[in-house]
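Undergrad: This is the structure, below, for whatever I ask next.
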Amino acid sequence: MSSVDINARGPAHLVEASRGLDATVPAAVRELFDRAVARGHGAHGVASVVEVIRQPSAEVHVQA
């Protein structure tokens, strides 16, 4: 099982690499993973990202 921390790197790299292209989806996925990490799910399995989707009102502000 891979952690949210490890999987959060992929969308971030996609957003950086897609300059000049539509990065809407990778940016949304990156935000979702960033929110999961900010809520303390970084070391958890990727399935824990569902908690961010289930409880969007429990927002934690992520610093860029």
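Each value in this text was obtained by applying a stated rule to the coordinates, not by laboratory testing. These figures come from a predicted structure and were not determined experimentally. When we count neighbours, we look across all protein chains shown, and the Cβ atoms used for this are built from the backbone with ideal geometry, even at glycine.
Undergrad: Pairing the Cα long axis of helix 24-36 with the longest principal axis of the chain, what angle in degrees results, from 0 to 90 and rounded to the nearest 10?
TA: Orientation of helix 24-36: about 30 degrees from the principal axis.
Undergrad: Could you grab the relative contact order for the range 4-54? Cα pairs under 8 Å, six or more apart, rounded to a whole percent.
TA: Over the range 4-54, the number comes to 46 percent.
Undergrad: Another one. What is the fewest-to-most order of ASP34, ASP22 by other Cβ atoms lying within 10 Å of their Cβ?
TA: Exposure proxy ranking, most exposed first: ASP22, ASP34.
Undergrad: Given charges of +1 on the Cβ of Lys and Arg and -1 on the Cβ of Asp and Glu, with all other atoms neutral, how large is the dipole of the range 4-54 about its Cα centre, in debye to the nearest 20?
TA: The dipole of the range 4-54 has a size of about 60 debye.
Undergrad: Among SER57, SER3, which comes first, second and so on when ranked by fewest other beta-carbon atoms within 10 Å?
TA: Placing the least packed residue first, the sequence is SER57, SER3.
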